[in-house]
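What follows is a short report on a single structure.
The values are calculated or read from the model by the stated rules, or taken from the named source; none is laboratory data. Just so you know, these numbers come straight off a predicted model, no measurement behind them. Because the Cβ atoms are built from the backbone with ideal geometry, glycine has one as well, and the counts that use them run over all protein chains shown. With ligands, DNA and RNA removed, areas are computed over all heavy atoms of the protein, side chains included. Shrake-Rupley method; radii C 1.70, N 1.55, O 1.52, S 1.80 Å.
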Amino acid sequence: DDMTQVEEIISSCIDATHPAYISPEECQVLSPLEPSSVGKLICIGMNYVDHCTEQNFPIPKEPIIFNKFPSSIAGPGDPIPKDVTTEKLDFEVELGVVIGKTVPRFTEQGEDTMDYVGGYTVIHDVSARDWQLEKNGNQWLLGKTVDSYAPMGP
């Protein structure tokens, strides 16, 4: 029956003696998004109370919007280089919502906005907290956009 065939196929894929088997050590898990295909990486900062409290940051009345550059994207197992100019490297895990198609600037309320969602992924938001919150006039850009500061996936 069909289910037996599916089970046989799955078993052959995880059988280390099968000629098509590739061991995990031979593989590299990549980011689910190719950085060159990402137009914008838009983020919401200070989006939960505990994080505001631990950072000694007032709870925002409106969302704090910041961005990361596509060069910040890395795979889930890629090394994260510590920028030599920071003493306060930090990270937090975030839910990434991948927008799969262009959203009109003014989307009507009641439209099925989920039609624009292409998928979800896990993102580590890596930050140089000293550059984000203490230097550079509290502009977050330099503390958030270092290459590889947004590992994502799988």
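Residue count for the stretch 25-61, restricted to those that are among the aliphatic types (A, V, I, L, M) and under 20 Å from Gly77 (Cβ atoms): 5. In the set (1) of a type in the set (A, V, I, L, M, F, W, C); (2) open to solvent by 50 Å² or more (accessible area, probe 1.4 Å); (3) under 26 Å from the mean Cα position of the chain (by Cα), the condition left unmet by Ala20 is number (3).
For the condition touching a Leu at 6+ places or on another chain (Cβ under 7 Å) and within 17 Å of Ser31 (Cα to Cα), what is the one hit in Pro76, Pro70, Pro154? Full working, then the answer.
On the way: Pro76 fails: touching a Leu at 6+ places or on another chain (Cβ under 7 Å); Pro154 fails: touching a Leu at 6+ places or on another chain (Cβ under 7 Å).
Exactly one of Pro76, Pro70, Pro154 is touching a Leu at 6+ places or on another chain (Cβ under 7 Å) and within 17 Å of Ser31 (Cα to Cα), namely Pro70.
Would you check which residues across the stretch 68-93 are of a type outside the set (Phe, Trp, Tyr), farther than 19 Å from Tyr120 by Cβ and touching a residue at least 40 places away in the same chain (Cβ under 8 Å) and list them?
Within the stretch 68-93, Ser71, Gly77, Asp78, Pro79, Ile80, Pro81, Asp83, Thr85, Thr86, Glu87, Lys88, Leu89 meet the criteria.
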